[in-house]
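*Asks:* A single structure is presented below for examination.
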Amino acid sequence: MGDIKEEDWNLPECKYEYLDHTADIQIHAWGSTLSEAFEQCANAMFHYMTEVDYIEMKESYDIEAEGHDMMTLLYNFLDELLFIFSAEPNYIARKVQIEEFDKTAFKIKAKGFGEEFQLGKHPQGTEVKAITFSNMQIHENEGKCEVFVILDI
């Protein structure tokens with residue numbers, strides 16, 4: 001766990017939406033870069049689990065993920081974040097920020113800013129059971145990148 005600096009309190013603009021999907025939820029996230037779209041997707045997943053306004057940024061949490069292509073990188077990135085929520089200390093982030101995004105070696109180093117999830121403090125949203133590859137899409141275009149991910153709920 002690390003300390004939170006003053007500049008870490010700058011929250012990104014919301015650039016994601018939830019799309020209807022039978023028995024699952026599909027996240028459509030976007031940004032001006034692929035890194036920002038991945039961050040927004042991670043934020044959307046955590047914000048689906050509880051109301052974002054109840055998450056305090058008390059501490060930071062470092063995560064790393066890698067894959068053999070962009071889709072496995074996105075899957076492993078979100079799966080690592082889901083793992084830190086599911087395992088002790090049940091960490092939930094208000095903001096996820098990618099610090100290193102290697103599109104050639106398919107590696108991410110990121111930091112989550114949040115706190116331990118507590119039922120009395122954080123309203124329980126929908127439980128996310130798993131990340132899926134089902135209909136996963138990654139679109140990288142000049143000025144707008146988009147990702148679509150279905151979460152098993």
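*Asks:* At R0 = 25 Å, how high is the FRET efficiency between D102 and F133 if r is their beta carbon distance? Nearest 0.05 is fine. Don't skip to the answer; put the middle values down first.
*Replies:* Values: r = 21 Å, r/R0 = 0.84.
The calculated FRET efficiency here is 0.75.
*Asks:* Given the whole protein assembly as supplied and a 1.4 Å probe, what does the accessible area of H47 come to in Å², nearest 10?
*Replies:* About 40 Å², ignoring ligands and nucleic acids.
*Asks:* Would you mind working out the accessible area per residue for the chain, using a 1.4 Å probe, and quoting it in Å²?
*Replies:* Per-residue value: 52 Å².
*Asks:* Report the local net charge at S32: Lys and Arg +1, Asp and Glu -1, summed over other residues whose C-beta lies under 13 Å from its C-beta.
*Replies:* Numbers: positive: K15, K144; negative: E13, E36, E39, E140, E142, E146.
Result for the local shell: -4.
*Asks:* Give the carbon-plus-sulfur fraction of the accessible surface of the range 74-153 in %, rounded to a whole number; probe 1.4 Å, heavy atoms of protein chains only.
*Replies:* Of all accessible area on the range 74-153, carbon and sulfur atoms account for 44 percent.
*Asks:* Rounded to the nearest 10 Å², what accessible area does E80 show when all protein chains are kept and the probe is 1.4 Å?
*Replies:* For E80, the solvent-accessible surface is approximately 70 Å².
*Asks:* Moving to a separate point now. So, in nm, how far is label E88 from label Q124 when the simple model puts each one 7 Å beyond its Cα toward the Cβ?
*Replies:* Here the modelled spin labels are 2.1 nm apart.
*Asks:* Sticking with this one: Under a GNM of the chain (C-alpha, springs under 10 Å), which listed residue has the highest mean-square fluctuation: N76, N141, N43?
*Replies:* So, out of N76, N141, N43, the one fluctuating most is N141.
*Asks:* Counting each DSSP H run of 4 or more residues in the chain as -39500 (n - 2.57), what helix-only mean residue ellipticity at 222 nm follows after dividing by all residues, to the nearest 500 deg cm²/dmol?
*Replies:* On the way: 2 runs with 33 residues, N = 153.
After summing the helix terms and dividing by residue count, I get -7000 deg cm²/dmol.
*Asks:* Sticking with the crude label model, points 7 Å out along Cα→Cβ, report the distance from I4 to K58 in nm, one decimal please.
*Replies:* According to this spin-label approximation, the distance is 1.0 nm.
*Asks:* When the convex hull of the Cα atoms of the range 97-147 is projected onto a plane and the area is averaged over all directions, what value comes out in nm²?
*Replies:* Averaged projected area of the range 97-147's Cα convex hull equals 5.9 nm².
The values are calculated or read from the model by the stated rules, or taken from the named source; none is laboratory data. Small disclaimer: the values here were computed from a predicted structure and weren't measured. Here Cβ is always computed from backbone atoms with ideal geometry, including for glycine, and neighbour counts include all displayed protein chains. When the accessible area is computed, the model is the full protein with side chains, heavy atoms only, and any ligands, DNA or RNA have been set aside. Shrake-Rupley method; radii C 1.70, N 1.55, O 1.52, S 1.80 Å.
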